[in-house]
Structure formats: structure tokens, C-alpha cells
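Just below is one structure, and these are the notes that go with it.
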Amino acid sequence: MRLAVSKDAVQRALSAHAAIGLLASALLYLICLTGTVVVFYQEWQRIEQPGAPEMAAITPGAVQRGVAAVLATERGKPATTHLYVHMPVEGLPRTTITTDHQAFHVDADGRIAGPEENAWSEFLLGAHYALNIPGLVGMLIVGIFGVMILALALSGVVAHPRIFRDAFRLRTRDNHGVGLADWHNRLSVWTLPFSLAIALTGAMIGLGVVGAYGLAAAFYKNDVEAAYAPIFGDEGAADARPAPLADVAASLAWIARNHPDVRPTYLILHDPGTRGQHIQLIAEHPRRLIYGETYEFGADGTYHGKVGLSDGHMGQQLAASTYNLHFGNYGGLPVKLAYIVFGLALTVVVATGTSIWLGKRQRRGLHEPRLRAGWDGVLWGVPLALVLTFLARLLLGNAAPLIAIFWTLTIAIPLLAVIIRREPRPKQLLQRLLVAALLASLIAAVAGIVAV
């Protein structure tokens, strides 16, 4: 007995299959675009809060005073387990002290200057890192998409034997999709090393966290910190009995005396104000890809050794190098500009790949105007949503519901494009709206900087 399936059912199934592929392409496009924009994570913070005090360096004594001042504001709140001091660096010359409950900028003398307000920068990082999904789910999804980019890049090379031979053959005029395919193939070749590095490190970051939880469950009785300890160092034993505040100034002074060639970037005070408190100082090493070496100190500032990220086993050094290689946090502004260019190219490769796929379907007689309108809504709606979210931050303040605004717009714009299905395609309207939003954001940002 043969199962008869109507042509309409087949057509609907093919459209559903294409819609699922379009959703995957949309998420991949969003991850690539936000990853490109987040390269300027430090610069976005300075634009968001231009009035925060800036300094090239801060003295150990000023850091000690700042830590004491911030902890004094915590009275009456649950005890903070970790206190972080962001030291001034070239890209972000500010000192910021963060606890489990709040974050403050301090001036060069260690006085509290005001709360940290970088909600859009944090939203952007969260969108790229985990699609703003709390817990492990978001990081797992992004890690899987990193593997997908890796597979697409490698399979694309294998599927086009002449791709390297034709690396500089570019037929820019679109002739039945030939021009678009040439742009896709040429950019894929020119950015191949970058794409492989970004995809591999992205997959390592996203899936590595999931792997750590798996190791903790299998070998460390669900203690995730113990699973990370062989690479990033141990937390140490807690002792909640009260004690005088740790001497963080002594640890900074020790680094300055004994390692003047390194630059402290972060200071972490574990369990401040208790007998179990201890200090970790992260310092950048020049001409190294690692994010830094971790130096361990006791509560009195006595040096206890280092973790080994700079000279430990190869796995440690590789793990410590993954973050900078993925986000472009090395080499200063020239490297960031290169990451912007290559990141935009990778985003275009993802966008054109889906456009080529839809074009081929249309040439085979599968006319799907709603799918094409939906893809236009993704291509121009996602950057429009990003810009409008940034504009909302500038106009409404740090408390604006940025995640809700972004994801509402990101979902609504393609859906409206599919429902309305205007002719010509909705991309022209969305392009005009994007330009207008960019101009409005630029005016608002400049006005905020000038007003300081």
C-alpha cells in the first residue's frame, strides 16, 4: 500500500524545512554581527558613561581606600563573596570596584565617584555570549553555532575545488546569483584563517563551560570550581569568622617591585572581611596572547605563588589564550579594527550564503516571497534592533529594559515583514529606518559626551 501525499502537503513541508533553516541562519547571523560589534566592548562603556573618572594608573593606597569605601556601603546587605577591582588599562582607563550587589567607579584617590552604568555594553556581551539566555543553555547554543561555522568553512573549501585558484576573480555584477556567489566565495577565502580561529575559540568557550560542568558531575561531586582549579587556580578554603580587611595595597606594591614588566588588570578579593579572605591579582604579560597570569596573595599581602597561565602546561596556556584570540583583546586599536573588518566580512558571508540558498530555490521554481521577506527582516531588522536598543539606553537611561526591547524588535520585524510582504521587498524601508536610527544614535551619543 502506497502512502499518497498531496503536492500541497509536500510544498508545505518544504516551506517548513526552509523556515527552520532560515531560523538557524538568523541566529548564526545575529551571533556574528553582535560578535563584531562587541569587539569595541571597552569603547562602548566609555560612550555609555562619558563622565566616569579616568586615569592612566592608580596607586596601591588609592585602591585600598576604594575597596574599603565600597565595602562600607555594603553594611546591612548579605556578605559579598567576591570583590573585583578593574584596574585602568589602555582601552578602558577607569578603576571600577564590583561586589556581588553593586559596582562603583572610583577616582584616582580611591573616592567613590558614582555607580557603574554600562547596561548596553553588558547586554551586547550577553547577546553574543549566550543570546541573553541565563544559565548554560545560551552558551551551549552559541558553542554549537561555533562548531557550525567551523563545519561550514571547511565544507565550503572542500565543495569548491577552485576556490583558492579563483580567490581574486570577482564578478561583481549579479547575473542569476553569480555576483552574489562570487562575493560569498571570495570573502570566505580571504577571511578563512580568521573564521576558523573565531569559530574554534567560540566553540571552545561555549562548549568548554558545559564540559566543565560535566567533569564536575563525574569527578568532583558537582563542584565546578574544583573542576576549573587545575587550569585557573583554586578558590581556597572559606572561613567566615570576621577579620580586618585584607591588605590589597601590599599585593599591588609587590607586583610593582618584583614584576615591573607586567600590568595588573584585575584584582579579586575572595570573602572580604573574613579569616578566609585571600587575593588574586591578574596581570597582563607583554607580547603574550594569554589574558594574564594569576598571582596569589594572602590577606596580609604575602605572595603565595602563581597559577601558571604564563608558563604552566600547554593546556593552561591554551585556555588562557582563547578569550583574547576570540574577542581581539590584544594588540590595541589596530587589532580591534582588523577584527571589525574581518568580523563584518564573516557576517556578510553568513548573510549571502542564505540569500544564495533562497535564490537557488526561486530559480528551481520554489517561489517563497514570505521567506525572502522574512530574511530581509532578519538582515536589516537585527542591526536596526541593535541600534534602537542603543538609542533606548541613551534616551531612557541605564535602567531601560534592553533585553526585552532588543528581542521584541528582533522577532517582530521579520514577522511583520512576512505578514505585510510589501512589494518591492521590505528591505528598502528597513534600510532607511536603519540609517535614521544610526543618525539619531550618533546625535544622542555626541550630545551626551558634550554635556559632560
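The values are calculated or read from the model by the stated rules, or taken from the named source; none is laboratory data. As the structure is a prediction and not an experimental result, all values here were calculated from the model. Cβ atoms come from the backbone with ideal geometry, glycine included; neighbour counts cover every protein chain shown. Surface accessibility is based on the protein's heavy atoms, side chains included, excluding ligands, DNA and RNA. Shrake-Rupley method; radii C 1.70, N 1.55, O 1.52, S 1.80 Å.
Just a few scattered comments:
- When region 260-274 is filtered for residues that are crowded, with 18+ Cβ neighbours inside 10 Å, in a loop (DSSP other than H, G, I, E, B) and not charged (D, E, K, R), the ones remaining, listed by number, are V262, P272, G273.
- Residues of region 211-243 that are open to solvent by less than 90 Å² (accessible area, probe 1.4 Å), farther than 16 Å from E296 by Cβ, touching a residue at least 12 places away in the same chain (Cβ under 8 Å) and in a helix (DSSP H, G or I): A212, L215, V224, A227.
- Among residues of region 244-259, those that are in a helix (DSSP H, G or I) and of a type outside the set (V, I, T), counted: 9
- Taken over region 294-325, the criterion of being free of Cβ contacts under 8 Å to residues at least 60 places away in the same chain and open to solvent by 60 Å² or more (accessible area, probe 1.4 Å) is satisfied by D300, T302, Y303, H304, K306, D311, H313, M314, L318.
- In region 132-155, the residues that are part of a loop (DSSP other than H, G, I, E, B) reach residues that are open to solvent by 60 Å² or more (accessible area, probe 1.4 Å) and among the aliphatic types (A, V, I, L, M) with C-beta atoms within less than 6 angstrom, at least six apart or across chains, in these pairs: N132/I403.
- Residue match in region 69-76 (condition: surrounded by fewer than 17 Cβ atoms within 10 Å (Cβ to Cβ), modelled with pLDDT of 95 or more, more than 19 Å from I340 (Cβ to Cβ) and of a type in the set (D, E, K, R)): no
- Meets criteria (out of contact with any Pro (no Cβ under 7 Å at 6 or more places or on another chain) and in a helix (DSSP H, G or I)) for A197: yes
- Number of positions in region 50-68 that are crowded, with 21+ Cβ neighbours inside 10 Å, in a helix (DSSP H, G or I) and hydrophobic (A, V, I, L, M, F, W, C): 2
- Summed over region 64-99, residues that are under 30 Å from L394 (Cα atoms) and either under 21 Å from the mean Cα position of the chain (by Cα) or β-branched (V, I, T) (or both) total 19.
- Residue among G91, G138, G51 that alone is over 26 Å from P401 (Cβ atoms) and at pLDDT below 95: G91
- Some residue of region 101-113 being within 29 Å of P334 (Cβ to Cβ), touching a strand residue (DSSP E or B) at 6+ places or on another chain (Cβ under 6 Å), at pLDDT 95 or above and crowded, with 18+ Cβ neighbours inside 10 Å: yes
- Only one of Y291, Y330 that is without any contact (Cβ under 8 Å) to a residue 40 or more places away in the chain, open to solvent by 40 Å² or more (accessible area, probe 1.4 Å) and either assigned to a strand (DSSP E or B) or in contact with a helix residue (DSSP H, G or I) (Cβ under 9 Å, 6 or more places away or on another chain) (or both): Y291
- Residue match in region 334-345 (condition: buried (at least 16 other Cβ atoms within 10 Å of the Cβ), closer than 22 Å to A440 by Cβ and basic (K, R)): no
- Residue check, G91 of a type in the set (G, A, S), in contact with a helix residue (DSSP H, G or I) (Cβ under 7 Å, 6 or more places away or on another chain) and not in a helix (DSSP H, G or I): yes
- Number of positions in region 265-309 that are closer than 23 Å to G91 by Cβ and in contact with a strand residue (DSSP E or B) (Cβ under 9 Å, 6 or more places away or on another chain): 18
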